[in-house]
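Novice: One structure coming up, written as structure tokens, with questions to follow.
Read the figures in this text as sums done on the coordinates, not as results from a lab. Just so it is clear, the structure is predicted and the values come from calculations on it, not from any experiment. Here the Cβ positions follow ideal geometry from the backbone for every residue, glycine too, while neighbour counts run over all protein chains shown.
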Amino acid sequence: MSSPGSGKTTLLEHLHQHTSLRYAVIEGDLETSRDADRLQAQGIAAYQIQTGSACHLDAFMVHGALHHLPLDNLDICFVENVGNLVCPASYDVGTHKNIVLVSVPEGDDKIEKYPVMFRRADLVLLTKCDLLPHFDFSLEAAREQVAKLNPNAVVLEVSVKQPDTLAPVVAWLNSQMQ
């Protein structure tokens, strides 16, 4: 879950190159199948849900999408909710874990401005960290805000431009498979 443009789909594209976990993605967007098409082009099973005017997915939509994926051949099914820091946080779509992304260009203030999303997170990814020199974003402030709202959340810094930063994400995913 995250704002539009924070890097959800891009992260899922790049994780594919760094893990042996077999995964599929349920994509939620108001319109288009661009994100699912991008993932499928990388060999990742993906199913697109177009919500029309709805600002979030719901459990019924996710349930329907599951029937279109090869579940017997998967380790993980990611649900990429509609890009929005408000609505998706209030709806349980049946996920076992919640991963929230906030990107450097968005600013570190989004964590306190949209607390519900971060209170529900198991993992918070600070994305596009390669852009830190160009934005007023404090990693320390972001970490402190997450810890204040959700002391149990793991916070990791990532950038698909720096592939070594994906290893801790893969390690976290593997640890959750136990």
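Novice: With the requirement that a residue be farther than 17 Å from Cys55 by Cα and either crowded, with 20+ Cβ neighbours inside 10 Å or among the polar types (S, T, N, Q) (or both), what does the stretch 78-100 give you?
Specialist: Across the stretch 78-100, the qualifying residues are Phe78, Thr95, Asn98, Ile99.
Conditions (1) over 13 Å from the mean Cα position of the chain (by Cα); (2) farther than 21 Å from Leu166 by Cα; (3) in contact (Cβ under 8 Å) with a residue 40 or more places away in the chain, marked per residue:
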position	(1), (2), (3)
Arg34	yes, yes, no
Leu39	yes, no, no
Ser53	yes, yes, no
Gly64	yes, yes, no
Ala89	no, yes, yes
Lys97	no, no, yes
Asp109	yes, yes, no
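Novice: Please enumerate the residues belonging to the stretch 45-78 that are in a loop (DSSP other than H, G, I, E, B) and within 16 Å of Asp29 (Cα to Cα).
Specialist: Pass one, the stretch 45-78, residues in a loop (DSSP other than H, G, I, E, B): 51-58, 67-70, 74-75.
Hits for the stretch 45-78 are Thr51, Gly52, Ser53, Ala54, Cys55, His56, Leu57, Asp58.
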